[in-house]
Structures are given as C-alpha cells and as structure tokens.
Amino acid sequence: MKIMEKIKAKARASVKRIVLPEGDEPRTVEAAGIVAAEGVAEPVLLTPGAIARPENKSRLDAYADALYELRKAKGLTREAAAALAADPMYYGMMMVKEGDADGLVSGAVHSTGDMLRPALQIVKTAPGMKLVSSAFLLESRVAEFGEDGLLVLADCVVNPCPDAEELANIAVATADTARALCGFGEPRVAMLSFSSKGSAEHPLVDKVRKATAIAHSLAPDLLIDGELQLDAALVPDVAALKAKGSPVAGRANVLVFPDLQSGNIGYKIAQRLGGASCFAVLQGLAGPCNDLSRGCSVDDIVNTIAATAVQAGAA
Ligand code: ACO
C-alpha cells in the first residue's frame, strides 16, 4: 500500500519499543529483524523461555502482582495471575500497561479474540475513550474516492452491535486515526445506512441519525453527516440528488458502518470484488496493540509494527 511508506517514515522519526509476544514465530522473527535494521522500531521478541530466565524473575513477579491487583475483583487468583503473567501475550500486555513497551503486535498465531480480550482487560481504553474499535485503511483502485483512493473505514473488527452513543464514539475515534495515521488534514465522516437523509424510515436508520447528532456534540468542528448511503457518501452526482447541501456527501474520506456485520462484509467486498488493499489497526486503547491475520506475510507484520509505532507517537 502507498500509505505504508509515509507511515514507516513517521515511525523512523521517533523510534518506539514494540513488543512481539509471538517471539519464536518465524515470520515475526524475520519482521523484527527488518524493522530493527530499517530503524522503524525497536522490537522486543518475547518467548516463554526468555520470560523464565532468572534475570527476568523480579519483572515477572511484579507483572503477576500488578495483574492480580487489576483483575482480582473479576475473580482472578494470585496463582492464576502468576500463570497468566508467564504467558508471552499477557506479559507483553503488562509491558504496555506498565510503560515498559510503547505498543504490541500479535496475531500471526493467536486468533483475533485471543489477542483482543487481554488487550481490553489489561491495557484498557485510553483516558476519555469509551470503547475500543478498529479502523481499516483501504486503498481503492479508484483514485477519485477519498484522499487519492485512500479511505478509512470503521468498525469492521470489534463491536458487533454498537448503540448510537458507541457508534458516535467510533466515528470520532476514526476521524482521529485518519488524521494521526493517514495524515488526513480534513476527515469527512459519512455515517452509513441504507437510507440517505430521510429516504427511508426504520429504527436502524434512527440509530444512525442519533449517532450523527451525538458525534456532532462530541466533536463540533468535525465534518460529519448522516444518514447516507454509500453511493451518496462517495459519488458527487448521487450526493447532489440524495443529500444536497451536505458538507460530506460525495466527498467522504471516512466511512462509518452501522454495525459489525455491514462493516466486516463491506471491507471484504471492496477487497475481494473491488481489488482494494486493506490494513487494520485498533483504536481507543490506552497503549496501541494491533492484531495480525494468521495468514499474514512478513511485510504485513513490518507494516503493522510501523503503524503501531506511529500510534504510540500520537498518543
Ligand atoms: N471496548 C472496550 N472494552 C471492551 C469492548 C470494547 N469494544 N468490548 C469488550 N470490552 C471489555 C469488557 O468491558 C470486559 O472488561 P472487564 O472484563 O474488565 O469487565 C472485557 O473487555 C471482556 O469483555 P467481554 O464482553 O466479556 O468479552 P468477549 O468475550 O465478548 O470479547 C470481543 C470481546 C473479543 C471484542 C468480542 O466482542 C468479539 O469477539 N468481537 C468480534 C471479533 C471478531 O470476531 N471480529 C471479526 C473478525 S476480524 C476480521 O475479519 C479482520
């Protein structure tokens, strides 16, 4: 993806320490070598063997204590905390939590849920953020859409059924990601639906309208409009017919889907039928942690480490 060169350049400008809990996975090891050699990040490869070394015992004990304190109200025992802290995924999350790493990248081996759950439970949301969601960077083959073909989509990974307030939070967080990671000077956010500006009436449409109003109040200066169909959001001629006078319609560069089913299906249609390139990051965590697909390439891991480092710099 073209955007990746810009993201890597930003990462090189302020080198961050990124922990890789799948530290004996061959693609991850290769990617760590590349980011270190290119000055994109300082990678920390974690393995159960490295965590168990005598010189790391006091750090392991400290993480087990901190994890116990964090989760005891949820029923975690001291013994269970010690066992979890020795797991590289949890140890890595504790490094981010305690400020010993700037970010984390995982998922070449673990499933999305197995990486997301400890991130949500340990790293938790950033101050002022209500929820964690995802942003997809999508490079379309059609350069007139978005910013020279680049669009940011949400939420295609995390929240199955966001309510209006959660959807508003996702919209504002995604605009922030569009600025910080993609360098968008003016995010223009379309709140997507099957209706454009009252063309249909349904409780699902009401949710999108309500979310748009809440997002307006959360970020009064943000260009955001809804409800809009995808064609009204992207195509000027359709926007002129369906959403005349909208500050966003026909030129949206951030697309917010009403729920996870539409978002996940939507990005996969663009990718598989439209030939778009896609890349996802999580947003809203107190420290950036990002998930890989288990089918990822070495390049995908390098790119995700670079994006995580840029998110760490923007925090
Ligand atoms: N933001 C912040 N915190 C959250 C969020 C969120 N969006 N969702 C859950 N949490 C917190 C909960 O409050 C809870 O915290 P606590 O334990 O301190 O009280 C903790 O996370 C666990 O929450 P649960 O609801 O018990 O966790 P659950 O098992 O439901 O998992 C998960 C949460 C993994 C995010 C779930 O919603 C999920 O599976 N989402 C879909 C993931 C997925 O399959 N995506 C599609 C595939 S990925 C792709 O195609 C690229």
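Given a 1.4 Å probe and every protein chain left where it sits, what share in percent of the accessible area of the chain is carbon and sulfur?
Of the solvent-accessible surface of the chain, carbon and sulfur hold 54 percent.
Quick one: angle between helix 26-38 and the longest Cα principal axis of the chain, in degrees between 0 and 90, rounded to 10, please.
Tilt relative to the chain: about 80 degrees.
What translational D, rounded to a whole number of µm²/s, comes out for region 133-278 from Stokes-Einstein when the hydrodynamic radius is the Kirkwood one over Cα pairs, at 4 °C and 1.567 mPa s?
The calculation lands on 89 µm²/s.
Going by alpha carbons, how many degrees (0 to 90, nearest 10) lie between the helix axis of 88-97 and the longest principal axis of the chain?
Roughly 70 degrees, rounded to the nearest 10.
How many lysine pairs does region 8-145 hold where the Cα atoms are under 22 Å apart and the two sit 8 or more places apart or on different chains?
So the count of such lysine pairs works out to 12.
Lysine pairs in region 197-297 with Cα distance under 16 Å, only those 8 or more apart or on different chains: how many are there?
Final tally of qualifying lysine pairs is 4.
Helix 3-13 versus the longest principal axis of the chain: what angle, 0 to 90°, nearest 10, using Cα atoms?
50 degrees
For the modelled label position 7 Å from the Cα of residue 80 along Cα-to-Cβ, which residues of region 14-41 have backbone nitrogen atoms closer than 19 Å?
Nothing falls inside the zone, counting backbone N under 19 Å.
Could you list the square roots of 5 times each eigenvalue of the Cα gyration tensor of region 79-208, that is, the equivalent ellipsoid semi-axes, sorted largest first and rounded to whole Å?
33, 19, 13
Largest first and to the nearest Å, give the Cα extent of region 204-315 along each principal axis.
The principal-axis extents, from largest down, are 46, 34, 24 Å.
Counting only Cα, what are the radius of gyration and maximum Cα-Cα distance Dmax of the chain, in Å?
20.3, 69
The values are calculated or read from the model by the stated rules, or taken from the named source; none is laboratory data. Predicted model, so just to flag it, every value in this text is computed and none were measured. Here Cβ is always computed from backbone atoms with ideal geometry, including for glycine, and neighbour counts include all displayed protein chains. Accessible surface is based on the protein model in full, side chains and every heavy atom, while ligands, DNA and RNA are left aside. Shrake-Rupley method; radii C 1.70, N 1.55, O 1.52, S 1.80 Å.
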